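**Student:** Quick one: the structure is below, questions incoming.
Values in this text are rule-based calculations from the coordinates and carry no lab data. What you see is a predicted model, and the numbers here were worked out from it, not measured in a lab. All Cβ positions, even for glycine, are placed from backbone atoms using ideal geometry, and neighbour counts span all protein chains on display.
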Amino acid sequence: MTTVKLGSRGEDVRILQKYLGLTADGVFGPGTNKRVKEWQRKKGLTPDGIVGPRSWEIIQREMAAAVQSAKKVLTVYTTGLSEGMIAFICRYETGKSFGYTMTARDLNGYDLHDANGHRTFGYGLLCHPATGKYMDTIKQRWTQTELEQLFLEHARQASQRIDSWAAQNRIKLNQNQKDAIASGCYNFGYGFLQKQVCRMIIANPNNKGIRTVWEHLSDVQGKKYPGLITRRRAEARWYFEGK
């Protein structure tokens, strides 16, 4: 890792920004500089905004520890989804990989201006998988391990729900197809299973027209969002190609 500071650009800056929970644009601007100084104070370092060998040593150690912790959580759960799809959902929900170092925003929740102002946590978690209650009505702050476990529990429940749906409709899904439907359910809720694309799957899981219909499921209350357009296309591709 190279030393970076105000005015620096490049991949090392992006890694730093991801670690700090910032938008990873690769530009070390005033906002990144301010967050670095705050972080340095918390770590007992000189708050000069310069990320050199000592700062990188701490960052890399903490990032490695977070990844190892996440791997331990992942091995405990059998979700029924592929690890590739777990990574896919994480990427589209957070822009990061499973096991990323969570920030206060993840742990304390953030308002997406829906669900009557209830906060969303970590991996896009709004409702608790066991109770169905909004997460912020149960408690105001969650730990990283709790949010990782709850995310995987959501994935496990989605897998079971899709298995039951497929059995009821007497269709057989391969892993790619099941994974893609799970991503749709995670994003839309289980109402996704009632959408036209799923009715087409019931009629014929291998109908190539499914891709076209799926790719156009990007509207939210009449609005089109670039991120959702990209995700729907990626889900449709995963359904047929698994990548």
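**Student:** Which entries of K5/K96; K139/K243; K96/K195; K43/K96 show an alpha-carbon separation above 25 angstrom in the structure shown?
**Tutor:** Values: K5/K96 23 Å; K139/K243 37 Å; K96/K195 28 Å; K43/K96 23 Å.
Checking Cα-Cα distances, K139/K243; K96/K195 exceed 25 Å.
**Student:** By count of other Cβ within 10 Å, fewest leading, how are W165, W214 ordered?
**Tutor:** Numbers: W165 18, W214 26.
Ascending number of Cβ neighbours within 10 Å: W165, W214.
**Student:** Please arrange D179, D111 by counting, for each residue, the other beta carbons lying within 10 Å of its beta carbon, fewest first.
**Tutor:** Values: D179 26, D111 11.
With the sparsest Cβ surroundings first, the list reads D111, D179.
**Student:** Give the aspartates and glutamates reachable from K172 as a straight Cα distance under 20 Å; neighbours fewer than 8 places away on the same chain don't count.
**Tutor:** Within the straight-line limit of under 20 Å, K172 reaches these aspartates and glutamates: D163, E235, E241.
**Student:** Please find the FRET efficiency linking R61 to N169, where r is the Cβ-Cβ separation and R0 is fixed at 51 Å, and quote it to the nearest 0.05.
**Tutor:** 0.55
**Student:** Then there's this: What is the range 11-66's relative contact order, in percent, from Cα pairs under 8 angstrom and six or more apart in sequence?
**Tutor:** Once normalised by length, the contact order is 23 percent.
**Student:** Next question, about the same structure. Relative contact order for the chain using alpha-carbon pairs under 8 Å, separation at least 6, rounded to a whole percent?
**Tutor:** Value for the chain: 13 percent.
**Student:** Work out the charge dipole of the chain with +1 on the Cβ of Lys and Arg and -1 on the Cβ of Asp and Glu about the Cα centre, then indicate which of Y100, F192, N116 is farthest towards its positive end.
**Tutor:** F192
**Student:** What size of dipole, in debye to the nearest 20, comes out for the range 11-66 about its Cα centre when the only charges are +1 on Lys and Arg C-beta atoms and -1 on Asp and Glu C-beta atoms? Don't jump to the answer; show the numbers that get you there.
**Tutor:** Values: 10 positive and 7 negative charges, 51 e Å.
Dipole of the range 11-66, to the nearest 20 debye: 240 debye.
**Student:** Something else now. Of the options I59, G44, F28, report the single residue whose Cα projects farthest towards the positive end of the charge dipole of the range 11-66 (beta-carbon charges: Lys, Arg +1; Asp, Glu -1).
**Tutor:** The one lying farthest along the dipole's positive direction is G44.
**Student:** Can you compute the modelled spin-label distance between K195 and L228, with each label point 7 Å from Cα toward Cβ, in nm?
**Tutor:** For K195 paired with L228, the spin-label model returns 0.9 nm.
**Student:** Once you charge only the Cβ atoms, +1 for Lys and Arg and -1 for Asp and Glu, what is the size of the charge dipole of the chain about its Cα centre, to the nearest 20 debye?
**Tutor:** 200 debye
**Student:** Report the paramagnetic label zone for R211: residues of the range 149-180 whose backbone N is under 15 Å from a point 7 Å from Cα along the Cα-to-Cβ axis.
**Tutor:** Answer for the range 149-180: 177.
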